[in-house]
Amino acid sequence: MSFNTFGHMFRVTTFGESHGVAIGCVVDGCPPLIPLNVEEIQRDLDRRRPGQSRFTTQRQELDAVKILSGVMAHPETGVQVTTGTPIALLIENTDQRSKDYSEIKDKFRPGHADFTYEAKYGLRDYRGGGRSSARETATRVAAGAIARKVMPEVKVRGALVQIGPHKIDREKWDWDEIARNPFNCPDKDKAAFFESYLDGIRKSGSSIGAVIEVTAEGVPAGLGAPIYAKLDSDLAAAMMSINAVKGVEIGAGFGAAELSGEQNADEMRTGNEGTRFLSNNAGGVLGGISTGQPVVVRFAVKPTSSILTPRRTVDRKGADTDILTKGRHDPCVGIRAVPVGEAMMACVLADHFLRDRGQTGR
């Protein structure tokens, strides 16, 4: 299996399977002398960790990360810093229940990658999906924690802004509220509604989709390049690579199709701090290059495909059959996708920052 690496200057390779011994990643290209300790990485991983509320899978993984290489204590200060060599991170799997999948090892789960994996490789890891499992995203979050350190002046934050057809009230947006509810939701009232709404879906054995918004503030103007290295195209590819993501938009996104040219164009003025924009429909990117405004990305996460309702499918021999998926699954996988989206934003920005520095010397 190839294509387990993304990025150019800031390069991340992930490895491991959902029900394997461990998962992990290797981060290559991180500059030296950046202070980095395991607690900083663990902080982000804890936000993604399963089993923290009744609204996520009850698989109990501590997601305790270990730094295997790429850091050392500075000989003068004693502070642990990056060395400029590959940083290897390891997260052991401790709560696999492979037996939950034994009854479906010869059946393809609708909505999962079972059929396509078998079509491509001639076999698949039926124990939770192997590499196609969202378990792999923990390694991205770990890499994202390092990426944040490359650009400490950039603030990357994400929020859940929609579950099913129910959207938040943007007039009630409060970043501090996200840490106070299990949905990563910035609207207190809508978070209260989501609690009862998702309870009903969870108890029925079904699932629902969600929309996540990720914003990066403090991004300097000039990151990205025209044509084949556009910042927004790399961001779109990064978000689409997240498990269960089926759509991505930048700035006004699909809503731009409903705007006139006068409404959509972000007008500019000059002030004491230089050029400023009067709106941000472009989502902080024009011509594939950052404008200096907040970079805004939204992505849609489909409903979890593993549900308790019997579904029609076929088996490996091509015979029609039915399937009932057991095990521990998220009724709304989008809830835990927030820190994953933040991590992918951070990794892409760090990569473009280092690319820009290498080309322009800034």
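The values are calculated or read from the model by the stated rules, or taken from the named source; none is laboratory data. The model shown is predicted, which means the values in this text are computed figures rather than measured ones. Reconstructed Cβ throughout: ideal geometry from the backbone, glycine too, with neighbour counts over all protein chains shown. Surface areas here come from the heavy atoms of the whole protein model, side chains and all, with no ligands, DNA or RNA. Shrake-Rupley method; radii C 1.70, N 1.55, O 1.52, S 1.80 Å.
At a 1.4 Å probe radius, which order do TYR197, TYR228, TYR121 fall into by accessible area, largest first? Before the final figure, lay out each step's value.
Working: TYR197 55, TYR228 210, TYR121 85 Å².
Correct descending sequence by accessible area is TYR228, TYR121, TYR197.
Considering Cα pairs under 8 angstrom that are at least six residues apart, work out the relative contact order of the stretch 167-311 and quote it in whole percent. Don't jump to the answer; show the numbers that get you there.
Details: 221 pairs, mean separation 46.0, N = 145.
Result for the stretch 167-311 is 32 percent.
If you wrap a convex hull around the Cα atoms of the chain, how much volume per residue is inside, in Å³? Working shown, then result.
On the way: hull volume 58.7 nm³, N = 362.
In the chain, the Cα convex hull volume per residue is 162 Å³.
With θ taken as phi - 60° and the coefficients 6.51, -1.76 and 1.60, list the Karplus ³J(HN,Hα) couplings across the stretch 15-25 in order, rounded to whole Hz; mark glycine and proline as x.
The phi angles translate into 8, x, 10, 4, 10, x, 5, 7, 10, x, 8 Hz.
Mind ranking 137-146, 247-256 by how tightly packed they are, going by the mean number of other C-beta atoms within 10 angstrom, highest first? It would help to have the intermediate numbers written out before the result.
Working: 137-146: 27.4, 247-256: 17.1.
By packing density, highest mean first, the sequence is 137-146, 247-256.
What is the Cα coordinate range of the stretch 231-354 on the first, second and third principal axes, sorted by size from largest, in whole angstrom?
Result for the stretch 231-354: principal-axis Cα extents of 68, 36, 25 Å.
Taking the Cβ of GLY288 as the centre, find all other residues whose Cβ is under 12 Å away and add up their charges (Lys, Arg: +1; Asp, Glu: -1).
Details: positive: LYS230; negative: ASP232, ASP234.
Taking every other residue near GLY288 into account, the sum is -1.
Starting with the highest mean, order 354-360, 18-24, 296-302 by the number of other Cβ atoms within 10 Å, averaged over the residues of each peptide.
Values: 354-360: 14.6, 18-24: 18.1, 296-302: 23.9.
Going by the mean number of other Cβ atoms within 10 Å, highest first, we get 296-302, 18-24, 354-360.
Percent of accessible area on the chain owned by carbon and sulfur, 1.4 Å probe?
On the way: 9240 of 17560 Å².
With neighbouring chains kept in place, the figure for the chain is 53 percent.
Enter the angle in degrees (range 0 to 90, nearest 10) between the Cα long axis of helix 137-150 and the first principal axis of the Cα atoms of the chain, meaning the one along which they spread out most.
For helix 137-150, the angle is close to 10 degrees.
Ignoring ligands, DNA and RNA, how do SER204, SER260 rank by accessible area with a 1.4 Å probe, largest first? Could the numbers behind the result be given before it?
Values: SER204 75, SER260 45 Å².
Correct descending sequence by accessible area is SER204, SER260.
After finding the eigenvalues of the alpha carbon gyration tensor for the stretch 160-261, what semi-axes result from the square roots of 5 times each, listed largest first in whole Å? If you can, show how the numbers build up before the last one.
Working: eigenvalues 172, 57, 40 Å².
The three semi-axes for the stretch 160-261 are 29, 17, 14 Å.
Note down the relative contact order for the stretch 125-236 as a percent, whole number, built from C-alpha pairs under 8 angstrom at least six residues apart.
Relative contact order for the stretch 125-236 comes out at 28 percent.
If you find the alpha carbon centre of the stretch 140-161 and of the stretch 333-354, how far apart are they in angstrom?
The stretch 140-161 and the stretch 333-354 have Cα centres separated by 6 Å.
Which ³J(HN,Hα) values, rounded to whole Hz and listed in residue order, are derived for the stretch 284-294 from phi using the Karplus coefficients 6.51, -1.76 and 1.60 in 6.51 cos²θ - 1.76 cosθ + 1.60 with θ = phi - 60°, glycine and proline given as x?
x, 9, 10, x, x, 10, 5, 9, x, 7, x
Could you work out the Kirkwood radius for the stretch 320-362, taking every pair of different alpha carbons, averaging 1/r and inverting it, reported in Å? Before the final figure, lay out each step's value.
Values: mean 1/r = 0.0716 Å⁻¹.
Evaluated over the stretch 320-362, this radius sits at 14.0 Å.
May I ask you to compute the full-extension gain from ARG316 to GLU262, defined as 0.36 nm times their residue separation minus their alpha-carbon distance, rounded to one decimal in nm? Before the final figure, lay out each step's value.
Numbers: separation 54, 0.36 × 54 = 19.44 nm, distance 5.55 nm.
The ARG316-GLU262 span can extend by a further 13.9 nm.
So if we plug the beta-carbon distance of MET72 and GLU92 into 1/(1 + (r/R0)^6) with R0 = 22 Å, what FRET efficiency do we get, rounded to 0.05? Please list the in-between numbers first.
Working: r = 23 Å, r/R0 = 1.04.
Once the sixth-power term is evaluated, E becomes 0.45.
What angle do you read, to the nearest 10 degrees and between 0 and 90, between the alpha-carbon axis of helix 188-203 and the longest principal axis of the chain?
20 degrees
Charges on Cβ only, +1 for Lys and Arg, -1 for Asp and Glu, centred on the Cα centroid of the chain; of ALA147, VAL333, VAL314, which one is farthest towards the dipole's positive end?
It is VAL314, whose Cα lies furthest towards the positive end.
Between helix 231-240 and the chain, what is the angle of the helix's C-alpha long axis to the longest principal axis, kept within 0 to 90° and rounded to the nearest 10?
Relative to the chain, helix 231-240 is tipped by roughly 20 degrees.
Looking at the stretch 162-270, which trypsin sites (Lys or Arg not before Pro) are DSSP coil and have at most 16 other C-beta atoms within 10 Å of their C-beta?
Here no trypsin sites (Lys or Arg not before Pro) fit, given the DSSP loop and packing criteria.
How high is the relative contact order of the chain? Use alpha-carbon pairs under 8 Å, at least six apart in sequence, and give a whole percent.
Working: 770 pairs, mean separation 80.0, N = 362.
RCO, the chain: 22 percent.
According to a simple spin-label model (label point 7 Å from Cα along Cα-to-Cβ), what is the distance in nm between SER206 and TRP173?
Here the answer is 3.0 nm between the modelled labels.
What does the charge count around ALA22 come to, taking other residues whose C-beta lies under 10 Å from its C-beta (Lys +1, Arg +1, Asp -1, Glu -1)? Before the final figure, lay out each step's value.
Details: positive: LYS66; negative: GLU17, GLU92.
Spelling it out: positives minus negatives among the neighbours equals -1.
Roughly how many whole Å is it from the C-alpha centroid of the stretch 235-272 to that of the stretch 183-223?
19 Å
Modelling each spin label as a point 7 Å along the Cα-to-Cβ direction, I'd like the PHE15/THR85 distance in nm, to one decimal.
Rounded to a tenth, the inter-label distance reads 1.6 nm.
Whole number please: convex hull volume per residue of the Cα set in the stretch 238-297, in Å³? Please report the intermediate quantities before stating the final value.
On the way: hull volume 5.3 nm³, N = 60.
It is 88 Å³ per residue.
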